[in-house]
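Bear in mind that the values in this text are calculations on the coordinates, not laboratory data. As the structure is a computational prediction, the values presented were derived from the model and not from experiment. Positions of Cβ are backbone-derived with ideal geometry, glycine not excepted, and every protein chain shown enters the neighbour counts.
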Amino acid sequence: MGRAAAGDNHKVVVSNRRARKDYEILETYEAGIALIGAEVKSLRQGTAHLKDAYASILSNEVWLHNMYIGPYAPAGKHHQHDPERARKLLLHRREIDRLIGKVVEKGLTLVPLRVYFHKGRAKVELAVARGKRLYDKRESLKREAVRREIEQALRRRR
């Protein structure tokens, strides 16, 4: 797996909740994001979302597409950024090579799970994932409903 652990205490800015429903997560990686100043300040304000975001590999570099970072009003109109521009992700060469090998496999894609700050730097948790089919989604929903019913029954017994 990558370097991002689930229990780390990061300041999470935005998370992609649909990703875990729509994709089967196989591996995760922590990547830095190349941002301009106004984007960092806007991220700190929490004006971002990962609704339709995805990552791709172009000429041995990893790029994040369709991630929305809202404009930062105090920057003025001359220093504004394109809210949905492609942003370069910063990974080690061997991680990029490993990702290239995974994405070439049939049906695997790169999905951003969350954006957070770690030691003052913006990071994205990137997942190598396989899209779930409709019947997989139904199965996941059934398992979740059964788990929820068991928890409720246990709470009632206490």
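Just need the relative contact order of the chain here, percent rounded to a whole number, with Cα pairs under 8 Å and 6+ apart.
After rounding, I find 30 percent.
Antiparallel DSSP bridges in the range 11-132: what percent, to the nearest 5?
So the antiparallel bridges amount to about 100 percent of the total.
Between Thr109, Thr47, Thr28, find the one with the highest GNM mean-square fluctuation for the chain; connect C-alpha pairs within less than 10 Å.
Of Thr109, Thr47, Thr28, the most mobile in the Gaussian network model is Thr47.
Taking a ≥ b ≥ c as the square roots of the Cα gyration tensor eigenvalues, with a/c under 1.5 meaning rounded and otherwise prolate when a/b beats b/c, else oblate, which class fits the range 113-158?
Numbers: a/c = 6.67, a/b = 1.53, b/c = 4.37.
In terms of gyration-tensor shape, oblate.
For Cα extents along the principal axes in Å, pick the label among (1) 48, 36, 28; (2) 54, 27, 20; (3) 60, 39, 28 that corresponds to the value derived from the coordinates.
Answer label, from the structure shown: (3).
Just add up the charged neighbours of Val115: K/R +1, D/E -1, any other residue whose Cβ is under 12 Å from the Cβ of Val115.
Its environment carries a net charge of +3.
Please give me the summed charge of the neighbours of Lys51: other residues whose Cβ is under 15 Å from its Cβ, Lys and Arg +1, Asp and Glu -1. Could you put the intermediate results ahead of the total?
Values: positive: Arg17, Arg18, Arg20, Lys21, Arg114; negative: Asp22, Asp52, Glu84.
Computed value for this residue: +2.
Determine ³J(HN,Hα), in whole Hz, for all residues of the range 22-36 in sequence, where each value follows from phi through the Karplus function 6.51 cos²θ - 1.76 cosθ + 1.60 and θ = phi - 60°; x replaces Gly and Pro.
Rounded to whole hertz, the list is 8, 10, 8, 7, 9, 8, 10, 9, 9, 10, x, 10, 7, 10, 9.
Please state the charge dipole magnitude for the chain, taken about the Cα centre, from unit charges on C-beta atoms (+1 on K and R, -1 on D and E), reported in debye and rounded to the nearest 20. Could the numbers behind the result be given before it?
Values: 35 positive and 19 negative charges, 155 e Å.
Once rounded to the nearest 20, the dipole reads 740 debye.
Assuming 0.36 nm per residue, please report the length gained on full extension of the stretch Ile57 to Lys11 beyond their Cα-Cα distance.
13.9 nm
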